[in-house]
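Below you'll find the structure, written out as structure tokens, and then a few comments.
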């Protein structure tokens, strides 16, 4: 018996959370039940070793990867995606996040016109106000495409409520599938090796932010807070781990750090491949995000037993829970953030208690459970037993 064919679609083969979620879902979906392939909107011309390594995450799972080769115009990839869906005889199209949720669903509608009738699943990973407010055309497509979508998924209740409100849908129309964490992958990292990897000298406290350098993740707030906290302990170090997405922001923050004379103590480390060691090197994980649809680094930090200081935005309170794994502060408030960082820096007993709370909390997040939910949705769609009415909100 032929397995149903599933096409997942990503925007890029990057290092961010969305490709990681897709990879983990594929890893944990029953391979004897589904024949999965991956389409990627961007990156066809990138033949770098870095891209090849990121692609290997999928190909080692037996998943073929196809890149769109159309021009760079806004909707250029749509006809090509439609031809790919038709040629592959796709049964379920599963798009992930902002651009794929529009481009792939348009392609799915075109493929239906050619005789292939894929069920369409749209997966929302974040709040998109920054994009939808800037580009109402894309928001308009989202609102119309909801009517053609068989299943809509969100990584958190916060994202579900956000999408439902912006698209005027009943929240029940969107199913929450929380991301997981492979706890063993982040627990037990080598602290000494991690500190050496990050270039940390001495035994002073290390506070770190993990995430792409961009407006969302709040590196500017972190730097301002670090400049306030640094004089309190001359041995403390502050690191920002992650790829540089916004070069302008990075350059501005480097200039601010150098002007304060703290370039040796407040610094960017770039992407790190050994994240277990990176977490082990940190005494406190800081997440000053302006918005967050889920925050994989939060569950990773909890799995690693690291106390968290984070902003009370988006899904962050939902993810860290209310049992003491994290201290929550307001966004865009470096002074409040600095006070929380300093408090944890001075109180190892509280850090230990938060570490235990975080380890307990992370056990609630499972890739196996997430994949089982997705598999159930696929099976119900294929059997015609999944609710598909859009359910307009009042």
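Quick notes
- Residue match in the stretch 36-51 (condition: modelled with pLDDT under 90 and within 19 Å of residue 377 (Cα to Cα)): no
- Filtering the stretch 330-345 to residues that are without any contact (Cβ under 8 Å) to a residue 40 or more places away in the chain and touching a helix residue (DSSP H, G or I) at 6+ places or on another chain (Cβ under 7 Å) leaves only 330.
- Among the strands (runs of 3 or more DSSP E) confined to the stretch 87-186, the ones with at least 2 residues that are within 16 Å of the chain's Cα centre (by Cα) are located at 92-96, 119-124, 151-154.
- Comparison of 245, 215, 235, 228 shows that the only residue that is under 25 Å from residue 316 (Cα atoms), assigned by TED's automatic domain parsing to the domain that holds residue 347, surrounded by fewer than 22 Cβ atoms within 10 Å (Cβ to Cβ) and without any contact (Cβ under 8 Å) to a residue 60 or more places away in the chain is 245.
- Within the stretch 55-78, the residues that satisfy the criterion of being outside any loop (DSSP other than H, G, I, E, B) and touching a helix residue (DSSP H, G or I) at 6+ places or on another chain (Cβ under 7 Å) are 57, 58, 65, 66, 77, 78.
- Taken as a whole, the condition of being part of a helix (DSSP H, G or I), crowded, with 22+ Cβ neighbours inside 10 Å and touching a strand residue (DSSP E or B) at 6+ places or on another chain (Cβ under 7 Å) does not apply to residue 39.
- Test: residue 255 is at pLDDT 95 or above, over 27 Å from the mean Cα position of the chain (by Cα) and either in a helix (DSSP H, G or I) or in the same structural domain as residue 348 (by TED's automatic domain parsing) (or both): yes
The values are calculated or read from the model by the stated rules, or taken from the named source; none is laboratory data. Here the structure is a predicted model, which is why all the values come from computation and not from measurement. With ideal geometry, Cβ positions are generated from the backbone for all residues, glycine too; neighbour counts draw on all protein chains shown.
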